[in-house]
Amino acid sequence: MRKETNKEPGAVKKTDFTQPVPVYCNPGAGSSEKVIGEMRNDSRIQLEEVSPVKMTEIIQDAVKKGTKRVLISGGDGTIALAASILAGKTTELAIVPSGTLNHFAQRTGIPVNVDEAINVALNCKAYPVDVGYVNNSLFLNTSSVGAYSVFVRSRNYLENRMHYLPASIIAGIRRLLKFRLVRVRLPNKQLRTPLVFIGVGERELSLPLLGQAKKHGHSGLHFIAVDCHSKTEVFSLVIKAIFWGVDPMTKETSVENKLVNDIELNFRRRKRKVTVALDGELSRLRAPLRYRYAPGEILVALPDNNIT
């Protein structure tokens, strides 16, 4: 979600294609093989395949040198890595998406078509884009605690043995058959829930778009959690949603759903650290979890026709 802030967006003049611009690509991203193949013969850019560690060093060096813009190619995890370094800085971020799902590109309107993405990266202005933080960790799209973080752990394990889709299906079935309710304390309420979901910007609350960024939605962090009293209740909600298309966010369901600038999650059991999903990547963070909204935190090259 884009928002006007005191940070001035930087205009970029048409690139001189006689001097190829470096694009730093994470070869481990979900669709990197295909994207790298399409970028390899593009005379406008100089493709450099680097590890996340090396990419970190390159971006940090670019900030120190006052580089106007860095171009990277990767999935949401790679973009979040770059954003965490560029947050609050004047160096701009340009992206050629090469992840599996590319949620950040969808949220901001960055094209997934390689040629179009490179054109945006080289020639379009940069605008301030909102992000979220949990404790000191930045996330671009979503963060969650509970069943999803366990699902990601199972999927990552299975991906070493099979492709992404079957790994996701099997991990999802496992979590459906075996999960725990998370006990969460909010400032004025206690919840028992299978999942706490927090998205940057307002989210859709109805199937089939449940959880996706709402077009022209309000700013803030969108906190969503279903308050359940038992595993049987959760299982019933899931079965109804899968087989009968019953929206799990119906009026009959007890739902915590609100836009906030900040929120703190405490846990009934005294946990020192909690597994948290950040844009699909897992982190172990110390409790309590303190979420905050950071408007206009990074400057990102975006299509001119996507300005809101």
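The values are calculated or read from the model by the stated rules, or taken from the named source; none is laboratory data. Every value quoted in this text rests on a predicted model; they were computed, and no experiment measured them. Reconstructed Cβ throughout: ideal geometry from the backbone, glycine too, with neighbour counts over all protein chains shown.
Can you name every residue in region 256-301 that is in contact with a Ser or Thr (Cβ under 8 Å, 6 or more places away or on another chain), β-branched (V, I, T) and farther than 16 Å from A80 by Cβ?
Selection gives T275 alone.
For region 48-71, which positions are of a type in the set (S, T, N, Q) and surrounded by 14 or more Cβ atoms within 10 Å (Cβ to Cβ)? So that I can check it myself, show each step before the final result.
In the first step, residues of region 48-71 are kept if they are of a type in the set (S, T, N, Q); the result is 51, 56, 60, 67.
Across region 48-71, the qualifying residues are T56, T67.
Answer yes if at least one residue in region 202-218 is more than 19 Å from the chain's Cα centre (by Cα), modelled with pLDDT under 75 and outside any loop (DSSP other than H, G, I, E, B), and no otherwise.
no
Let me confirm something: among I85, I118, which residue is β-branched (V, I, T) and touching a residue at least 40 places away in the same chain (Cβ under 8 Å)?
Values: I85 fails: touching a residue at least 40 places away in the same chain (Cβ under 8 Å).
Answer to the check: I118.
Report the residue count in region 177-192 for those that are modelled with pLDDT of 75 or more and more than 20 Å from D262 (Cα to Cα).
1
For V112, only one of the following conditions fails: (1) touching a residue at least 24 places away in the same chain (Cβ under 8 Å); (2) on the phi < 0 side of the Ramachandran plot; (3) in contact with a strand residue (DSSP E or B) (Cβ under 7 Å, 6 or more places away or on another chain); (4) in the same structural domain as G30 (by TED's automatic domain parsing). What is its number?
Here V112 meets the rest and fails (1).
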